Amino acid sequence: MAATLTTSSKRPYHIIVFGATGFTGQFVVEEVARTCTEGPGGTLQWAVAGRNRDRLEQTLMQAADTLCKPELKCVEVIVADVAEPESLAIMCKQGVIVLNCVGPYRFYGEPVVKACIENGAHCIDICGEPQFLEGVQLNYHRKAQENGVYIIGSCGFDSIPADMGMLYTQGHFKGTLTAVESFLTVNTGPEGGCGHDATWQSAIFGFADSASLRRIRKRFGHKPLPVVGTRIKRRGALFFSKEIEQYVIPFMGSDPSVVRRTQRYMHEEHKHSPVQYMAYVGIGGLFSVLKTLFAGVVFWFMVKFSLGRGLLTQFPEFFSFGLFSKTGPTRKQMDGTSFCLRFMGEGYTTGQDPSQGKPNATINTEITGPEPGYIATPITMVQAAITLLNEPHCLPNKAGVYTPGSAFARTTLIDRLSKHGIQFSLKNGQ
């Protein structure tokens, strides 16, 4: 049985934005509105969904004013609630793809995945929580496969740039790429910048429950992927990076988990040589280091206790040194922010045996784009959906639960992203 990728009288919408009134959801609504001409045949039928009809209508009116598109006020509204499975079923029956913007996903994600699979709607989310992502793959892959449904998680800034960037780097390396380190830098303008409370909450509960991620991985029972070439060096928890000329720490998001799952899929399904991967993020100069260390110790201590988690949740701005707030960034802050994700790879040129000697070639690639959380994330999420609708023949032959890299490796997603301001480029190669 295969779920459809085309609309019909019974399934009228290509895309349903679920959680459209949330902080990120409102920007996803605007992005869908901007890309209406990119749907199959140059049109896109879409709707918004959430718990409160009035707030959904308000979100559409706000988007109509922001984008000067009065026709958005006529976009269909569907009332659906994660606590009411019947309402989710009714929503899923009407859409080809559900864009799920309701987080934290560990609390609200599973009912949506379940409803999509049972009612033949494909599902794309912007989750950055490895425990949820890997749990969905463990528990729902077979059922999704049987029902012909594609469930593609982590389609936001976590983790499309890292996952597709790895495939881009592999594709441009002439030989066998064996190891890659990525370095993320986020530059804010004079207005500064911050993240929204929902992301902060996901981090709190993710760290507090890291044991369940270990349990999920144990249940998969995967054999370790073979190490090809020289084993990648694990750097310290804090070091000065010559590559980006600032202090860096390991990246705590879902990128390493997602990239490794893609590398496993490519190795097991397509016999590709797996690439070792480490992800880092720049934190700036010495003052930033001290601030990060202090905040990190406080955070680490407090997430272990329910009282501490309560305080962290209640006062995000205070405990994150202004990195997160309950109101999120202003549009002015977002417009002044950009990101750069650099990939530094090494490997063996064509004809060289990776089991003999050290790597003899390097490659540097780069992805640049706008503010990660609320400009780049809606772009990557919506382009993932547009790609799914337009290029069904390029997807994995069987449906199921996939990472972005596994799902979109053979599609034009990278080209589509480049047209929307997320640029992939080769800086130098062998």
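The values are calculated or read from the model by the stated rules, or taken from the named source; none is laboratory data. Because the structure is a prediction, the values reported are computed rather than measured. Because the Cβ atoms are built from the backbone with ideal geometry, glycine has one as well, and the counts that use them run over all protein chains shown. Note: accessible area is taken over every heavy atom of the protein model, side chains too, but ligands, DNA and RNA are not part of it. Shrake-Rupley method; radii C 1.70, N 1.55, O 1.52, S 1.80 Å.
Within region 310-329, being modelled with pLDDT of 85 or more and in a loop (DSSP other than H, G, I, E, B) holds for 315, 320, 326, 327, 328, 329.
Would you please name the residue that is farthest from residue 361 (Cα to Cα), looking only at residues in region 145-181 that are among the small types (Gly, Ala, Ser) and open to solvent by less than 30 Å² (accessible area, probe 1.4 Å)? Walk me through it before giving the result.
Quick first cut of region 145-181, residues among the small types (Gly, Ala, Ser) only: 148, 153-154, 156, 159, 162, 165, 171, 175, 179.
Those still in the list that are open to solvent by less than 30 Å² (accessible area, probe 1.4 Å) too: 148, 153-154, 156, 159, 162, 165, 179.
Details: 148: 42, 153: 33, 154: 31, 156: 31, 159: 27, 162: 21, 165: 18, 179: 11 Å.
The selected residue is 148.
Name the strands (runs of 3 or more DSSP E) wholly within region 9-116 that hold at least 1 residues that are of a type in the set (Gly, Ala, Ser)? Outline the logic, then answer.
On the way: elements: 13-18, 46-50, 76-79, 95-100.
The strands (runs of 3 or more DSSP E) meeting that bar are 46-50, 95-100.
Among the conditions (1) touching a helix residue (DSSP H, G or I) at 6+ places or on another chain (Cβ under 7 Å); (2) within 17 Å of residue 95 (Cβ to Cβ); (3) open to solvent by 30 Å² or more (accessible area, probe 1.4 Å), residue 4 misses just one, which is (1).
Within region 226-243, the residues that satisfy the criterion of being within 25 Å of the chain's Cα centre (by Cα) and open to solvent by 50 Å² or more (accessible area, probe 1.4 Å) are 234, 235, 237, 238, 243.
In the condition set (1) more than 24 Å from the chain's Cα centre (by Cα); (2) open to solvent by 20 Å² or more (accessible area, probe 1.4 Å); (3) not acidic (Asp, Glu), residue 142 is compliant with all but (1).
Looking at 284, 322, which one is within 26 Å of residue 166 (Cβ to Cβ) and of a type in the set (Gly, Ala, Ser)? Give the steps one after another, and end with the answer.
On the way: 322 fails: within 26 Å of residue 166 (Cβ to Cβ).
Result: 284 is the single residue among 284, 322 that is within 26 Å of residue 166 (Cβ to Cβ) and of a type in the set (Gly, Ala, Ser).
On the given criteria, is residue 319 under 24 Å from residue 190 (Cα atoms), in contact with a His (Cβ under 9 Å, 6 or more places away or on another chain) and crowded, with 19+ Cβ neighbours inside 10 Å?
Answer is no for this residue.
Contact map, region 71-89: residues that are closer than 10 Å to residue 51 by Cα paired with residues that are hydroxyl-bearing (Ser, Thr, Tyr) and not in a loop (DSSP other than H, G, I, E, B), Cβ distance under 7 Å, separation 6+ or inter-chain. Pairs shown: 79/87; 80/87; 81/87; 82/108. Scanning region 367-381 for residues that are within 30 Å of residue 348 (Cβ to Cβ) and either part of a helix (DSSP H, G or I) or open to solvent by 20 Å² or more (accessible area, probe 1.4 Å) (or both) returns a single hit, 368.
Filtering region 67-122 down to residues that are out of contact with any helix residue (DSSP H, G or I) (no Cβ under 7 Å at 6 or more places or on another chain) and among the polar types (S, T, N, Q), which residue is surrounded by the fewest Cβ atoms within 10 Å (Cβ to Cβ)? Here the residue is 87. For region 262-304, the set of residues classified as of a type in the set (Gly, Ala, Ser) and assigned to a loop (DSSP other than H, G, I, E, B) consists of 273, 285, listed by residue number. Residue check: residue 221 meets all listed conditions (1) open to solvent by 30 Å² or more (accessible area, probe 1.4 Å); (2) touching a helix residue (DSSP H, G or I) at 6+ places or on another chain (Cβ under 7 Å) but one, namely (2). When every residue of region 400-409 is checked against the conditions, at least one turns out to be farther than 24 Å from residue 365 by Cβ, crowded, with 23+ Cβ neighbours inside 10 Å and either aliphatic (A, V, I, L, M) or in contact with a helix residue (DSSP H, G or I) (Cβ under 8 Å, 6 or more places away or on another chain) (or both). Please work out which one of (1) among the hydrophobic types (A, V, I, L, M, F, W, C); (2) open to solvent by less than 20 Å² (accessible area, probe 1.4 Å); (3) more than 20 Å from the chain's Cα centre (by Cα) is the condition residue 61 fails and give its number. Unmet for residue 61, out of (1) among the hydrophobic types (A, V, I, L, M, F, W, C); (2) open to solvent by less than 20 Å² (accessible area, probe 1.4 Å); (3) more than 20 Å from the chain's Cα centre (by Cα): (2).
Please work out which residue is nearest to residue 280 (Cα to Cα), limiting yourself to region 342-377 and to residues that are touching a Lys or Arg at 6+ places or on another chain (Cβ under 7 Å) and hydroxyl-bearing (Ser, Thr, Tyr).
From region 342-377, those touching a Lys or Arg at 6+ places or on another chain (Cβ under 7 Å) are 349-350, 364-366; that's our starting set.
From what is left, the residues that are hydroxyl-bearing (Ser, Thr, Tyr) are 349-350, 365.
Values: 349: 26, 350: 29, 365: 15 Å.
Restricting to residues being touching a Lys or Arg at 6+ places or on another chain (Cβ under 7 Å) and hydroxyl-bearing (Ser, Thr, Tyr), the top hit is 365.
Of the residues in region 355-366, none is surrounded by 16 or more Cβ atoms within 10 Å (Cβ to Cβ), of a type in the set (A, V, I, L, M) and either without any contact (Cβ under 8 Å) to a residue 40 or more places away in the chain or within 30 Å of residue 32 (Cβ to Cβ) (or both).
When the residues of region 259-309 are filtered to those that are of a type in the set (Gly, Ala, Ser) and at pLDDT 90 or above, the one that is surrounded by the most Cβ atoms within 10 Å (Cβ to Cβ) is 279.
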